[in-house]
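Note sheet for the following structure.
We did not get these values from a lab; they are worked out from the coordinates using the rules stated. In this text, all values refer to a predicted model and were calculated from it rather than measured experimentally. Cβ sites come from the backbone with ideal geometry, for glycine too, and all protein chains shown count toward neighbours.
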Amino acid sequence: MTPTTLPPAPLHHDAARRVADTIAGRLADAGAVAAATGVPGVFTSSELHWSPPSLGRGHAGISLLFSSRVTRDPVNAALAHGHLARSEALRQEADRTEVGLYGDVCGLSFAMECARRATGGYGRALASLDPQVAAQADGWCELVRREPRGTMSRYDVISGLSGFGRSLLLRGGTCRDSLTRVLETLVAMARSVGDPETATPPGLWADGPPSSDGRGSASVREHGHLNLGIAHGITGPLALLALAHREGVVVKGQREAAEQLISVLGRFEENDAYGPFWPGIVSREEWFAGRVEGIHRPRPSWCYGTPGVARALQLAGESFGWPDQVERARRAVAALAGTPLSGCGLVESGLCHGLAGTLHMLGYFTEPSPEPGVICGMRDDLAAAIVARFRPEYAFGYRVEMLNSPVGGDFPGFLEGAAGIALALDAYADGGASSLWDAALLAT
């Protein structure tokens, strides 16, 4: 039996908490936050990094920071409520709806449920949102039934069924019928394995390239791709199936669907000098060949890299009783922890594809294990890098990199902005403890 040791305490606890406290102070006033948000100076940008009502890039997501801090100071309940109230008011005024967990209706429901569990209240507001969330989720299920092929937004965490499913699961029995339909739809998609003889792709195949700007190989642009990341790919459904099973919500074929998704990950697992990893996407030719040629280890982000994929495998292994998958996930994270942080591609600081997301996801692998020191060492390095990037002259301490602005943008949101960074730093300072807010990442 492999000996295990307890993880060491966070090395940069005080510095991480200090930066998180500073960010929280700058995000406390919802009105002031909105006024300070945007691209500074003479630069302009058409990129969307602020969507005021939403979870991903608006007030609903910012509220998660304050809901998570209520146990430290009850005043945070009022601050969370200020952002939730502003999100609801702006949602009512909006002329369009952003669909999905990271949008406005489902995102607000998720954030309110987190606030309810922290402070109580919000019962009537949540009851009014439940049928709207269910209707949006049911709409995706019906679309998949009518048109089995489509974009990754049908099933992903950000806009699709995986994110809807996590929010519905969090709401419990009040949304069970809609959750069941979501799980049944994802199971059917996952169990549609494709056929090389007829050049039929699997059910979770995504039309088009993974990015909205059209970047990707000619094959991916023409034929689509299989996405392996947790944000937009097959590990999002895998994590949801595992989380639902853990809570006793089971539909026919759920275990078999999880096995099928894991077999795909096994088929495309690669190794380098450090150990195992997975490519972000698989093209049509690579799918039928059974491997990705010339692949290099991608950046270790939540959205596409090892941290998100490994957490989904870990959840599946723990939920379905597959210790080999728990060990597989551990090996992948241990390999990642052995790679140099410099040059790994984490040029941003946020949760989605930056340092904060990697820092947080690695916290699930610091329990007693053969190499907690290695993983905790990387977490300490990540925390130190985030703290070092803090700039007091910026509106929220950090700027989001942008294609159309050389100075980046001041954005306070959950997914890419300052609120998500503060949440990850808080969790690190707390020793990596599981937090309700990271259900939005399908981490728990």
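Structure summary
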| quantity | calculated |
| --- | --- |
| Segment 122-337: proportion of alpha-carbon pairs further apart than 31 angstrom, % | 18 |
| Calculated FRET efficiency for the pair H296/H13, C-beta based, R₀ 25 Å, to 0.05 | 0.15 |
| Placed amide H near G150: partners under 5 Å, 5+ positions off or other chain | D207 |
| Relative contact order %, segment 122-337, counting alpha carbon pairs below 8 Å whose residues are six or more apart | 18 |
| Chain lengthening between R221 and F288 when straightened (0.36 nm per residue, less Cα-Cα) | 22.4 nm |
| Per-residue Cβ neighbour rank within 10 angstrom, fewest leading, C175, C344 | C344, C175 |
| All-pairs alpha carbon distance profile, segment 390-444, 5 Å steps from 0, percent | 5, 18, 24, 21, 14, 12, 5, 1 |
| 14 Å beta-carbon shell around A77, net charge (K/R +1, D/E -1) | +3 |
| Local electrostatic count at E88 - Lys and Arg +1, Asp and Glu -1, tallied over other residues with Cβ under 13 Å | +1 |
| Per-bin percent of Cα-Cα distances, segment 330-391 [10 Å] | 23, 58, 18, 1 |
| Nitroxide proxy distance, nm - points 7 Å out along Cα→Cβ at V250 and R146 | 3.4 |
| The chain: most fluctuating residue of P201, P340, P53 per GNM, C-alpha cutoff 10 Å | P340 |
| Length-normalised contact order of the chain in % [C-alpha pairs under 8 Å, at least 6 apart] | 21 |
| Orientation-averaged projected area, Cα convex hull of the chain (nm²) | 20.6 |
| Charge tally in the Cβ shell below 10 Å around S219, where Lys, Arg are +1 and Asp, Glu are -1, S219 excluded | -1 |
| Residue exposure sequence - W322, W302, W287 - by fewest surrounding Cβ within 10 Å | W322, W287, W302 |
| GNM result for the chain, Cα springs below 10 Å: residue of L382, L129, L143 fluctuating most strongly | L143 |
| Gained length - R72 relative to A89, 0.36 nm times residue gap less alpha-carbon distance | 3.3 nm |
| Sequence ranges 402-410, 349-357, ranked by mean other-Cβ count within 10 angstrom, highest first | 349-357, 402-410 |
| Ascending count of other beta-carbon atoms within 10 Å, so fewest first, for F390, F365 | F390, F365 |
| Mean projected area in nm² (Cα convex hull; one quarter of hull surface) for segment 147-267 | 7.7 |
